[in-house]
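A.B. asks: What follows is a structure written as structure tokens; I'll ask about it next.
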Amino acid sequence: MTTVLHLTASGVSDGSVSRAATAKIIADLDPSKIITRDLAITPMPQVNSQWINARLVPPQDRSVADAAALALSDSLIAEIAAADVIVIGMPIYNFGMPAALKAWVDLIARPGVTFSYTENGPVGLIKGKKAIVAVASGGTPVDAPIDFATPHLRQVLRFVGIDDITVHTAKDLLPLAA
Ligand SMILES: Cc1cc2nc3c(=O)[nH]c(=O)nc-3n(C[C@H](O)[C@H](O)[C@H](O)COP(=O)(O)O)c2cc1C
């Protein structure tokens, strides 16, 4: 019984390499449940002052407005909590991750919820998850010095406690085009 959280960030619906690659990864995993979060089709809002302030208010002291500001962030974190494996399709856009995926990152990195600072530095609070990432690019090879997306995503996942991370070059997972 495996639950997969499927995150896609390509702005392209038809012909997307990263979408095809994550579909292949998920078919191979044959999960019992798939939670789909398409970050391009339902774009993520950017964090704003209301959200930044609300996340620091203890749950018992939150106003209705604070709770509303955090509602999507809470849902996104609950999706991670419900999953065993997080499958992420990530195109490289302008040497980084798509803005939609970065917005998701900003919403799920929550002090006291997904990470905390200790005397020994930051500690990730998400435990027991595996991440599988398919990276699609044009001329920028995955993990080349000018690929700032892949190391960034790895760092963010580790920061919140997800350190079992497999990265694939998306097109390596797909049959060669005729
Ligand atoms: C806005 C935009 C920016 C891009 N920037 C880069 C880049 O910096 N490096 C690169 O190798 N490819 C770049 N590409 C090409 C995409 O990474 C490539 O087409 C990839 O297959 C996109 O993933 P998808 O097929 O899943 O949509 C860019 C594409 C777009 C649309």
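The values are calculated or read from the model by the stated rules, or taken from the named source; none is laboratory data. Owing to the predicted nature of the structure, the values given are computational and were not obtained by experimental measurement. Methodologically, a virtual Cβ is constructed for each residue, glycine included, from the backbone with ideal geometry; neighbour enumeration extends over all protein chains shown. Calculation scope for accessible area: heavy atoms of the full protein, side chains included, ligands and nucleic acids excluded. Shrake-Rupley method; radii C 1.70, N 1.55, O 1.52, S 1.80 Å.
A.B. asks: Do you know which of the residues in the stretch 1-37 that are of a type in the set (A, V, I, L, M, F, W, C) and part of a loop (DSSP other than H, G, I, E, B) is nearest to residue 96 (Cα to Cα)? It would help to see each step written out before you state the result.
C.D. replies: Going residue by residue through the stretch 1-37, those that are of a type in the set (A, V, I, L, M, F, W, C) are 1, 4-5, 7, 9, 12, 17, 20-21, 23, 25-27, 29, 34-35.
Add one more test, that the residue is part of a loop (DSSP other than H, G, I, E, B), and what stays is 1, 9, 12.
Numbers: 1: 34, 9: 12, 12: 17 Å.
Here the answer is 9.
A.B. asks: Please go through the stretch 94-106 and give me each residue that is within 12 Å of the ligand (Cβ to nearest atom) and surrounded by fewer than 20 Cβ atoms within 10 Å (Cβ to Cβ), ordered by number. Give the derivation first.
C.D. replies: Here is the first cut: in the stretch 94-106, the ones within 12 Å of the ligand (Cβ to nearest atom) are 94-101.
Hits for the stretch 94-106 are 94, 95, 96, 99.
A.B. asks: Please count how many residues of the stretch 99-151 are touching a strand residue (DSSP E or B) at 6+ places or on another chain (Cβ under 7 Å), assigned to a strand (DSSP E or B) and of a type in the set (Ser, Thr, Tyr).
C.D. replies: 1
A.B. asks: Answer yes or no as to whether residue 168 is in contact with a helix residue (DSSP H, G or I) (Cβ under 7 Å, 6 or more places away or on another chain), within 14 Å of the ligand (Cβ to nearest atom) and open to solvent by 20 Å² or more (accessible area, probe 1.4 Å). Steps first, answer last, please.
C.D. replies: Working: in contact with a helix residue (DSSP H, G or I) (Cβ under 7 Å, 6 or more places away or on another chain): yes; within 14 Å of the ligand (Cβ to nearest atom): yes; open to solvent by 20 Å² or more (accessible area, probe 1.4 Å): yes.
For residue 168, the condition - in contact with a helix residue (DSSP H, G or I) (Cβ under 7 Å, 6 or more places away or on another chain), within 14 Å of the ligand (Cβ to nearest atom) and open to solvent by 20 Å² or more (accessible area, probe 1.4 Å) - is met.
A.B. asks: Continuing with this model, one more query. Residue 155 passes all but one of (1) within 16 Å of the ligand (Cβ to nearest atom); (2) open to solvent by 70 Å² or more (accessible area, probe 1.4 Å); which number fails?
C.D. replies: (1) is the only condition that residue 155 fails.
A.B. asks: Checking the conditions here, which among 134, 109 is surrounded by 17 or more Cβ atoms within 10 Å (Cβ to Cβ), in contact with a Leu (Cβ under 7 Å, 6 or more places away or on another chain), of a type in the set (Gly, Ala, Ser) and at pLDDT 95 or above? Write out each step before concluding.
C.D. replies: Values: 109 fails: in contact with a Leu (Cβ under 7 Å, 6 or more places away or on another chain).
134 is the lone residue from the list that is surrounded by 17 or more Cβ atoms within 10 Å (Cβ to Cβ), in contact with a Leu (Cβ under 7 Å, 6 or more places away or on another chain), of a type in the set (Gly, Ala, Ser) and at pLDDT 95 or above.
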